[in-house]
Amino acid sequence: VQLQASGGGTVQTGGSLRLSCVFSGSNFDWYSVGWFRQTPGKERELVARVTTSGRTNYADSVKGRFTISRDSAKNTVFLQMNSLKPEDTAVYSCHAERIGEMFWGQGTQVTVSS
């Protein structure tokens, strides 16, 4: 399995970004997929996840601002990030898992300037 993330960048406070992660190498529909983020000196944290059945869960800090979605036709998981804050600055990584398997994509930097 390979995960290719894109869409990071630098935006001002209140701006928006859309992250994409293309999944390849297996059946996308078998996996829960999601996004984690990490900043220097802190542990990696779950941002959002969508299961194979479409159930979503979010970190409290992003609820109401971020939306995760998956597109089986494109084998892609998206993270729409609105109303961005400086504290959202981090390296965002996509993730795919099912029982007995876990895969990570490379990170993409998101920087929110104040």
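Figures for the structure shown
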item: Residue in region 23-44 that is farthest from Thr108 (Cα to Cα), counting only those that are within 11 Å of the chain's Cα centre (by Cα) and not aromatic (Phe, Trp, Tyr); result: Val33
item: Hits in region 93-109 - residues which are under 17 Å from Gly7 (Cα atoms) and either open to solvent by 60 Å² or more (accessible area, probe 1.4 Å) or in contact with a Leu (Cβ under 6 Å, 6 or more places away or on another chain) (or both); result: Cys94, Trp104, Gly105, Gln106, Gln109
item: Residue in region 1-13 that is touching a Gly at 6+ places or on another chain (Cβ under 6 Å), part of a loop (DSSP other than H, G, I, E, B) and farther than 17 Å from Ala90 by Cβ present; result: yes
item: Residues located in region 10-42, provided they are buried (at least 16 other Cβ atoms within 10 Å of the Cβ) and either modelled with pLDDT under 95 or under 14 Å from Thr52 (Cα atoms) (or both); result: Phe23, Phe28, Tyr31, Ser32, Val33, Gly34
item: Residue count for region 62-114, restricted to those that are in contact (Cβ under 8 Å) with a residue 24 or more places away in the chain, of a type in the set (Gly, Ala, Ser) and over 15 Å from Arg37 (Cα atoms); result: 4
item: Residue tally, condition of a type outside the set (S, T, N, Q), open to solvent by 30 Å² or more (accessible area, probe 1.4 Å), outside any loop (DSSP other than H, G, I, E, B) and more than 21 Å from Ser26 (Cα to Cα), over region 51-85; result: 2
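The values are calculated or read from the model by the stated rules, or taken from the named source; none is laboratory data. The structure presented is a predicted model; accordingly, all values stated were derived computationally and were not measured. Please note: Cβ atoms are built from the backbone with ideal geometry, for glycine as well, and neighbour counts cover all protein chains shown. Protein only, heavy atoms only, side chains kept; ligands, DNA and RNA dropped before computing areas. Shrake-Rupley method; radii C 1.70, N 1.55, O 1.52, S 1.80 Å.
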